[in-house]
Amino acid sequence: MNHPQPSVEWLGIRIDEPVTTFTDLLVSLVCFYAFYKLNRIALKHKVHWNLKYYFLSMGIATLVGGLIGHGFLYLFSFAWKLPGWLTSMFSIALLERASIMFAKPLIKPSVGNFFAWMNLIELATFVIVTFYTLNFFFVEVHSAYGLLVIVTSFNLFVYYKTKNQASKTFLIAVAISSVSALIFMNEIGIGPWFNHYDISHTLMACSAYVFYRGSLKMINDPLAYGQRS
């Protein structure tokens, strides 16, 4: 059941959906922390680049989503939700790309190149459709496709072939994200002060941290350098 969250005032400033705003910012905090830590690691390969900018862009997306999409949307038109939505789609595409690059040493070059191009085509298609329709449904579909089809498939393949712990950690993170999505879609909430948005965001923060732990393993793995384990 959807539990509408009352607004609050702080120092004379009205904040809509305060807990939802806070939990969105919690996701941002985890993502910015992950970016900061990964950015301090002096590695120069595509997997590292894609992962660190996944966290940066997801941090920006949830920051914008929390402040403009929830807390202060009354100051903006509905279309202002787009910056957060589109940035989150870009971030998911980066996570997909990191997973594809990580698996490349274990697959045929033509397969890796095909999915690398599909990654760009898929992102462009969903961005155009979302921009035109202003419908969050397409953001959800893109995330589901990116996480459940691309990230899961490539990391499951790597784990099946090598028992790679980085890929195993990524699969755990995807599982947490899937629970988060199910709670969001079925509007499962405890009450107005911890509704389905809040539970979903909290699980997203947990998932982001698990992705970060997996990223630390992944960027130092021989596969990230284009070598078989």
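A short reminder: the numbers here are calculations on the coordinates, not readings from a lab. What you see is a predicted model, and the numbers here were worked out from it, not measured in a lab. No Cβ is skipped: glycine too gets one built from the backbone with ideal geometry, and neighbour counts run over all protein chains shown.
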Integer Hz, Karplus 6.51/-1.76/1.60 couplings in order for the range 11-28, x for Gly and Pro: 6, x, 9, 7, 10, 7, 6, x, 6, 4, 4, 4, 5, 5, 5, 5, 4, 4
field: Note, ³J(HN,Hα) from phi for the range 206-220, Karplus 6.51, -1.76, 1.60, rounded to Hz, x at Gly and Pro
entry: 5, 4, 4, 5, 5, 4, 5, 4, x, 5, 4, 6, 5, 5, 9
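Give me the tail of P(r) for the range 94-152 as a percent: Cα-Cα pairs with distance above 16 Å. Display every interim value, and only then the final one.
On the way: 756 of 1711 pairs.
More than 16 Å apart: 44 percent of the Cα pairs in the range 94-152.
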query: If Lys and Arg each add +1 and Asp and Glu each add -1, what is the summed charge of the other residues whose beta carbon sits under 14 Å from the beta carbon of GLU9?
result: -1
- request: Please determine, in degrees from 0 to 90 and to the nearest 10, the orientation of helix 46-64 with respect to the longest principal axis defined by the Cα atoms of the chain, where the helix direction is its Cα long axis.
  value: 0 degrees
message: If you average the C-alpha positions of the range 1-66 and of the range 164-229 separately, how far apart do those two centres end up, in angstrom?
response: 14 Å
query: Tell me, what is the percent relative contact order of the chain, built from C-alpha pairs under 8 Å that lie six or more residues apart?
result: 27 percent
field: Value of [θ]222 nm, deg cm²/dmol, for the chain, DSSP H segments ≥ 4, -39500 (n - 2.57) each, nearest 500
entry: -22500 deg cm²/dmol
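Give, to the nearest whole percent, the P(r) tail of the range 118-205 beyond 18 angstrom, counting all Cα pairs.
On the way: 2117 of 3828 pairs.
The calculated P(r) of the range 118-205 puts 55 percent of pairs beyond 18 Å.
Could you give the length gained on full extension between TYR33 and VAL8, defined as 0.36 nm per residue of separation minus the Cα-Cα distance, in nm? Spell out each step's value before the answer.
Working: separation 25, 0.36 × 25 = 9.00 nm, distance 2.82 nm.
Fully extending the segment from TYR33 to VAL8 adds 6.2 nm.
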field: Links that overshoot a 27 Å alpha carbon limit, given the list LYS52/LYS163; LYS44/LYS81; LYS37/LYS168; LYS37/LYS161; LYS81/LYS168
entry: LYS44/LYS81; LYS37/LYS161; LYS81/LYS168
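Near ILE199, within a Cβ-to-Cβ distance under 13 Å, what is the net charge of the other residues, with Lys and Arg +1 and Asp and Glu -1?
Numbers: positive: none; negative: ASP24, GLU187, ASP198.
Summing Lys and Arg as +1 and Asp and Glu as -1 gives -3.
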